[in-house]
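Asks: What follows is a structure written as structure tokens; I'll ask about it next.
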Amino acid sequence: MAIIQTSSGIDKVHGKLNNKTEGYFYIRNGKQFYRNREENYQKHQSPRQKWNSEAFAYAQKCLQQLLSSPESTSQLTAEYEAANHIASNGKRYTTLRAWKFNSLLYEYKQAHPFG
């Protein structure tokens with residue numbers, strides 16, 4: 001932590017100056033300090049949250065790969081229509097993306113049960 005002396009007319013700076021700075025300013029005991037901190041909201045996740053995050057990442061990655069080519073998109077559309085818009089979790093979805101995404105989530109969670 002470094003003590004910061006400002007050259008501008010502002011006495012103390014609190015928080016981040018902009019979204020590109022890596023750290024933030026804070027004030028303690030009347031003195032100003034600067035601290036670098038990794039801003040990762042997933043840093044302190046419970047095991048169940050990590051499991052859900054892994055399933056989400058898996059589904060997102062697979063969905064992007066499946067929708068990357070017109071051939072696979074047309075095949076997915078045919079599967080979507082044949083399934084009557086009902087995913088493997090038993091719910092009905094209005095869009096192809098939502099249908100396949102939730103099917104992939106369900107697939108991952110069945111293959112990797114929590115617990």
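Asks: So His44 clears everything in (1) part of a helix (DSSP H, G or I); (2) within 30 Å of Phe25 (Cβ to Cβ) except one condition, right? Which one?
Replies: Looking at each condition in turn, His44 falls short on (1).
Asks: Right, something else. Inspect all residues belonging to the stretch 29-47 and state whether any of them is under 30 Å from Ser88 (Cα atoms), modelled with pLDDT of 85 or more and open to solvent by 50 Å² or more (accessible area, probe 1.4 Å).
Replies: Yes, some residue in the stretch 29-47 is under 30 Å from Ser88 (Cα atoms), modelled with pLDDT of 85 or more and open to solvent by 50 Å² or more (accessible area, probe 1.4 Å).
Asks: Looking at the stretch 66-81 only, could you name the residues that are surrounded by fewer than 13 Cβ atoms within 10 Å (Cβ to Cβ) and assigned to a loop (DSSP other than H, G, I, E, B)?
Replies: Ser68, Ser69
Asks: Continuing with this model, one more query. Could you grab me the full set of residues in the stretch 84-105 that are part of a loop (DSSP other than H, G, I, E, B) and at negative phi?
Replies: Listed by number, the residues that qualify are Ala87, Ser88, Asn89, Lys91, Tyr93, Thr94, Thr95.
Asks: Closer than 22 Å to Asn52 by Cβ, among the polar types (S, T, N, Q) and either open to solvent by 40 Å² or more (accessible area, probe 1.4 Å) or modelled with pLDDT of 95 or more (or both): which single residue out of Asn84, Asn102, Asn89 fits that description?
Replies: Asn89
Asks: Can you name the residue in the stretch 51-65 that is open to solvent by less than 60 Å² (accessible area, probe 1.4 Å) and not polar (S, T, N, Q) and, of all such residues, is nearest to the chain's Cα centre (by Cα)?
Replies: That would be Ala57.
The values are calculated or read from the model by the stated rules, or taken from the named source; none is laboratory data. Just so it is clear, the model here is predicted, and its values are computed rather than measured. A quick note on method: Cβ atoms are made from the backbone with ideal geometry, for glycine too, and the neighbour counts reach across all protein chains shown. Areas reflect the complete protein model, heavy atoms only, side chains present, ligands, DNA and RNA absent. Shrake-Rupley method; radii C 1.70, N 1.55, O 1.52, S 1.80 Å.
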